[in-house]
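What follows is a set of notes on a single structure, which appears directly below.
The values are calculated or read from the model by the stated rules, or taken from the named source; none is laboratory data. Since we're looking at a predicted model, the values are computed, not measured. For neighbour counting, all protein chains shown are included, and Cβ atoms are generated from backbone atoms with ideal geometry for every residue, glycine included. Remember, those area values only see protein heavy atoms, side chains included, never the ligands or the DNA or RNA. Shrake-Rupley method; radii C 1.70, N 1.55, O 1.52, S 1.80 Å.
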Amino acid sequence: MTKPNASKSLLSKVLYGARQIAIMLVVFTLFSAALDLWRSKDIPTDNLPDLKAMTLNGDAVDILAMSYQEPVLLYFWGTWCPVCSFVSPSVDMMSTQYSVVTVAMNSGSDEKLSQYLKHKQYDFPVVNDTKGLLSRDFSVNVTPTLMVIKDGELQFYTSGFTSLPGMWWRMLLA
């Protein structure tokens, strides 16, 4: 039979640990939000660049026109980006339910990029930004960067690691 003090001690340790984790999550969230605000200071929320391009599959995309129908998740990433390897599977999942356009920054030729996508089994639409011109137009300097555009305006911006629930919430709130 366990002693009542031993079970209370274990319960208090678990509660203490849970409280510490909750505090760390709040601090991390606030720090991440502040960092996103600082990084996005040069990015306009309206009068966005007109991103009209062809995907690797030959489909024409017009981000601003698409955004008047429903929110669009615009994802800037690179095959060379280690953090993108954690974010891209979530973006791929999002592309099954939402309008998603991705821009591969400085990731090589169309053929090399297509092989990478096939290897990773990503089905999201990809615009190959071989010279970084599109990313420069959007003032994107950090990968990965996600933007939610609705009615021609930037609704949400985040860079660095973003979770699948974080993407869903941004799309739902747009």
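Check the range 133-141 and report whether any residue there is touching a residue at least 12 places away in the same chain (Cβ under 8 Å), of a type in the set (Val, Ile, Thr) and under 18 Å from Ala53 (Cβ atoms). The answer is yes, given that some residue of the range 133-141 is touching a residue at least 12 places away in the same chain (Cβ under 8 Å), of a type in the set (Val, Ile, Thr) and under 18 Å from Ala53 (Cβ atoms). Residues that are in a helix (DSSP H, G or I) and surrounded by fewer than 20 Cβ atoms within 10 Å (Cβ to Cβ) within the range 125-169 comprise Leu133, Arg136, Asp137, Leu164, Pro165, Gly166, Trp168, Trp169, listed in sequence order. Flag set for Ser107, criterion: open to solvent by less than 10 Å² (accessible area, probe 1.4 Å), polar (S, T, N, Q), over 16 Å from Thr158 (Cα atoms) and free of Cβ contacts under 8 Å to residues at least 60 places away in the same chain. Lys118 - would you say it is open to solvent by 20 Å² or more (accessible area, probe 1.4 Å), at pLDDT 95 or above and in a helix (DSSP H, G or I)? The answer is yes for Lys118. Put simply, of Leu64, Leu113, Leu173 the only residue that is surrounded by fewer than 21 Cβ atoms within 10 Å (Cβ to Cβ) and closer than 20 Å to Asn47 by Cα is Leu64. Scan the range 81-101 for residues that are buried (at least 18 other Cβ atoms within 10 Å of the Cβ) and more than 16 Å from Lys150 (Cβ to Cβ) and the total you get is 8.
Here Pro49 passes the criteria (1) open to solvent by 100 Å² or more (accessible area, probe 1.4 Å); (2) modelled with pLDDT of 80 or more; (3) part of a loop (DSSP other than H, G, I, E, B); (4) not acidic (Asp, Glu) except the one numbered (1). Being open to solvent by 100 Å² or more (accessible area, probe 1.4 Å), farther than 21 Å from Val103 by Cβ and either touching a strand residue (DSSP E or B) at 6+ places or on another chain (Cβ under 6 Å) or at pLDDT 85 or above (or both) is the requirement here; does Leu37 meet it? No.
Residue-by-condition table, conditions (1) at negative phi; (2) not charged (D, E, K, R):
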site	(1), (2)
Asn106	no, yes
His119	yes, yes
Pro125	yes, yes
Asp129	yes, no
Leu133	yes, yes
Thr143	yes, yes
Lys150	yes, no
Glu153	yes, no
